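See below for the structure under consideration.
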Amino acid sequence: MWTIDQENVFIKRITAFPQFLGEIDFCIYLRDNKEYGGGLQMAKQKEFKPFISADKVLPEFTGTSIFLGILMAVVFGAANAYLGLKVGMTISASIPAAVISMGFIRGILKKESILENNMVQTIGSAGESLAAGAIFTLPALYIWTQEWGMGAPSLIRITAIALAGGILGVLFMVPLRKALIVNEHGVLPYPEGTACAEVLLAGEEGGEKARACFTGLGVGALYKFVQGGLQLFPGDVETTIPGYEGAAIGGSAMPALLGVGFIIGPKISAYMLAGAVIGWLGLIPLIANIGSMGDIVMYPATDPISELGHWGIWDSYIRYVGAGAVAFGGIFSLIKSLPLIVQTFKDAMKDYSAGGVGGGSLRTDKDMSMKLVLIGSLAVILAMMMLPVIPVGFGGALLIAIFGFFFATVSSRIVGLVGSSSNPVSGMTIATLIVTAIVFKATGNDGQAGMIGTLTVGAIICIIAAMAGDTSQDLKTGFLVGATPFRQQYGELIGALASALAIGFVLTLLNNAWGFGSQELPAPQATLMRLVIEGVMGGNLPWALVFTGVGIGVAIELLGLPVLPIAIGLYLPIHLSTPIMVGGLVRGVLDKKQEKAGGEDAGIKAKIESGILYASGLIAGEGLIGIILALFAVAGLNVTIGTNIGQIGALLFFAALTYTLVKFSILKKTQ
C-alpha cells in the first residue's frame, strides 16, 4: 500500500480496457519536482456490465464444451507434467485452450458462443494447474519407493492425493469469489484472467490464432518423434572446453525448451543461463581441479572426484548446491510476501464477511451452493483422515485443512495482484513441509511412514494453492465475459477430476520409462521437496553443499536479482538453459522493437501473441509425443531406423526449428 502526500502527487486520469476495468488513476509521484515513478490505482467503479449481460442466456455448460475441456485438461495436463519434470516449470493452458476451442467451435461447428469457449478454457486450465501441483511434489514418492525397495505407489494413491487437493482448491476458493472478483473489481487486475478475456472477445481471430497453435503442436510432435522415436539425431549436443578441466557446455535441441524460452522472454532466460554458467563453467571445473590433486572422495559421492567427470560432479555435488539456492529462493520469496500475505488474508476475510457469498438472483451472481461447498470440504477432509490410501492421518488432515484454506485464500488474492507467475507456491509448499515434518517427528511419526505422510500433506497443499490461483483467474475471465459462476465452478471440478485420473497414469508411465531424477526427467522441484523432508527428518544431507547454495542465493538477492530463475538454472544441467536462451533471444527481438515503438504497436503485439501460441503448440506437441514414446519404451516397442546423423545434424534440425518460430513471430505478416 502506498501512502501518498496529495500535495506532492499529480494525478492524470486515463482510460484503459474500458470494457473491463473502467477508469484508472495513473499516479506520477513527484517529490522536489522530480518524477519518481508510476503506480496504478483503480478508480471506484460503477456497477460492472459484462460482455454477455446477465439476462442473456447462451450455450455454456454443453456436451461440446465439457468434452473439449476434458480433452484440453488431459492434453495440457500431460504435456505440462512432461515439461515440468524436465525443466521445472509449466505453461498456462488458458489461452491455448481458448484459442483451440474457438478454432473448433467457430471454425468447424460454425457455432458462436463465447461462454462455451470460456468453459473449455476453464476446464482445460484446471487440469493443467492440478498437474503442475502434482509433478512438483509426487515424483519424490516414486524415488523413495525405488530406493527403499518398495513397490511403486499405486495409481489409486496418486489419483486420490491429486483429487483431494484439486477438489479442496476449488471449494476453498468458491466463498471468496464475490469478495475478490466482484467487490474488488478495478482493484485486483488478475492479469492472466483479463488477458484470456481479451482473447475470447477477439474471437473473430480464433481461426488464425488456432492455426498457429495447431501448427506448433504438429511441428513439435513431428520433431520429437524424429529425434526420440526414429532417433535420427541425438537430443543433446555437448562439448568439453579444451584447456579448462571439468568445464563443458551443451544444449538439448528440443522444441519444448525453445518454446519455453520464447514464452518467458529474454530476461528470465538469461537469468537461468547465468545460474547454469555458475555451475558448469565455475563450480564443476573448481571441484574437478581440486579432485585432480589426488584420490579425494567427498561426501555424498563414494568414488574419487577425479573419476566422476563433469556429469558425475553435477549429480553428486552441484544438484545439492542448486537445491540450497532454490530452497532459499522459495522461502525468501515467501518471507518477502508475508506482509502482503497477511494483509491479503485479512482483506479477503473482511470482504467475505461484509459481502457474503454471491448467491443473487442474477445469472452472473450465482455461485455453487454453500451447503455443497461445506459438505464437500468436510467429506474430503474426513476421507483424508480415515482412508489409508491418503496416508496423512488425523493430524495431517487437520494441517491440510488449516494450511489449505489459508494458502488458498492467499493464492487467490496474490495472483490477482501480481499474476500467477509470481505466486510463491513453492515457498508455501516448502514452509508446509518443514512445519509438517517437525510436527510429525515431534509426535513420533517419523521414519519412512512419516516422510511419506509429510510429502503427501505438502503435495495436497501445493495442488490446493495452484488450483485456487487458477480458479480465481478463470472466474475473473468469466466475470468479464459474463459467464455463470456456478457452472464455471463445476467446470473446475470436472477439470480436476479428469486430470487427477490421468496424472497417476502419466507419472507411472514416465517413471517406468526413464525414472525420476534421471537426466531425461530431473524432476527438480520434487527432488528439492524430497531433500527438505530428508533434511528435517533424518539430518543426513550434505549440508555444506546445501548452505553453499544458500550463500549463492543470498549474494544474488543482495545484487537485487531474482533468486529463483538463477537458482533453477544452477540446479538443472546447462543443456536445458541454452535452448531456452535461444527462444528468449527470438522473443527479445520483438520486445526490443515494441520498446522502441513505445509499447503501443499493435502489429508487434500480434507477432508476439502468434509466437506465444506457436511456442505453446511446440511444448504440447513434444509433451504428447514424449508420453507416447514412454508407452513405447514400457511396451518394448522399438521404432528406431538405425541411422544417426550426429551432433551436427542435431544443430541443423534445431536451427530449422528456430526458423519456424521466427517465421511465426518476427516474420509474421500482420495487418
Helix axis angle, 114-135 relative to the chain longest principal axis, alpha carbon, degrees: 30 degrees
Full-extension gain in nm, residue 146 to residue 292, via 0.36 nm per residue minus C-alpha separation: 49.2 nm
Exposed chymotrypsin sites (Phe, Trp or Tyr not before Pro) absent: longest stretch of the chain, with sites in DSSP loops and at most 13 other Cβ within 10 Å deemed exposed: 245-671
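How would you classify region 463-618 from its alpha-carbon gyration tensor, with a ≥ b ≥ c the square roots of the eigenvalues: rounded for a/c under 1.5, else prolate if a/b is greater than b/c, otherwise oblate? Let's see the in-between values first.
Values: a/c = 1.83, a/b = 1.18, b/c = 1.54.
The shape class here is oblate.
Which net charge results for the neighbourhood of residue 90, defined as the other residues with beta-carbon distances under 14 angstrom from its beta-carbon, given Lys and Arg at +1 and Asp and Glu at -1?
Numbers: positive: 86; negative: 128, 192, 470, 622.
That works out to -3.
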Simple spin-label estimate for residue 633 and residue 448 in nanometres, 7 Å along Cα-Cβ: 2.5 nm
FRET efficiency estimate (nearest 0.05) - Cβ-Cβ, residue 519 to residue 558, R0 35 angstrom: 0.60
Fraction of accessible area attributable to carbon and sulfur, the chain (%, probe 1.4 Å): 64 percent
DSSP-assigned coil residues among GluC sites (Glu not before Pro) in region 545-636, each with at most 15 further Cβ atoms within 10 Å: 600
Vicinal HN-Hα couplings computed from phi for region 153-168 (Karplus, 6.51 cos²θ - 1.76 cosθ + 1.60; Hz; Gly/Pro x): x, 6, 4, 5, 5, 4, 4, 5, 5, 5, 5, 4, x, x, 5, 5
Restricting region 108-137 to GluC sites (Glu not before Pro) in coil, as DSSP defines it, with at most 11 other Cβ within 10 Å: none
Full-extension gain in nm, residue 602 to residue 208, via 0.36 nm per residue minus C-alpha separation: 140.2 nm
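For region 505-594, what class follows from the C-alpha gyration tensor (a ≥ b ≥ c being the square roots of its eigenvalues): rounded when a/c is under 1.5, otherwise prolate if a/b is larger than b/c, else oblate? Walk me through the numbers before you get to the answer.
On the way: a/c = 2.96, a/b = 1.25, b/c = 2.37.
Judged from the Cα gyration tensor, region 505-594 comes out oblate (a/c at least 1.5, b/c at or above a/b).
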Derived scalar couplings ³J(HN,Hα) [region 623-639; Karplus, 6.51 cos²θ - 1.76 cosθ + 1.60; whole Hz; x for Gly, Pro]: x, 5, 5, x, 6, 5, 5, 5, 4, 4, 5, 5, 7, x, 8, 10, 10
Virtual spin-label span in nm between residue 595 and residue 438, 7 Å along Cα→Cβ: 4.3 nm
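Assuming a ≥ b ≥ c are the square roots of the Cα gyration tensor eigenvalues, decide whether region 546-657 counts as rounded (a/c under 1.5), prolate (otherwise, with a/b larger than b/c) or oblate. Mind dumping the intermediate values first?
Values: a/c = 2.28, a/b = 1.23, b/c = 1.85.
Note, shape of region 546-657 comes out oblate.
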Between region 428-479 and region 361-403, the alpha-carbon center distance in angstrom: 14 Å
Subset of 86/178; 366/605; 178/336; 267/668; 596/663 violating a 32 Å alpha-carbon distance limit: 86/178; 366/605
Under 13 Å, Cβ to Cβ, from residue 568 - net charge with Lys/Arg +1 and Asp/Glu -1: +2
1.4 Å probe accessible area per residue over the chain, in Å²: 40 Å²
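Summing +1 for each Lys or Arg and -1 for each Asp or Glu, what net charge is found among the other residues whose Cβ lies under 14 Å from the Cβ of residue 626?
That works out to 0.
What's the FRET efficiency of residue 303 with residue 49 using the Cβ-Cβ distance as r and R₀ = 60 Å, to the nearest 0.05? Can you show the working numbers first?
Values: r = 69 Å, r/R0 = 1.16.
Calculated transfer efficiency: 0.30.
The values are calculated or read from the model by the stated rules, or taken from the named source; none is laboratory data. This is a predicted model, so every value here is computed, not measured. Neighbour counts are summed over all protein chains in view; Cβ atoms, including those assigned to glycine, are modelled from backbone coordinates with ideal geometry. For the accessible areas, the whole protein counts, side chains as well, though only heavy atoms, and no ligand, DNA or RNA atoms are used. Shrake-Rupley method; radii C 1.70, N 1.55, O 1.52, S 1.80 Å.
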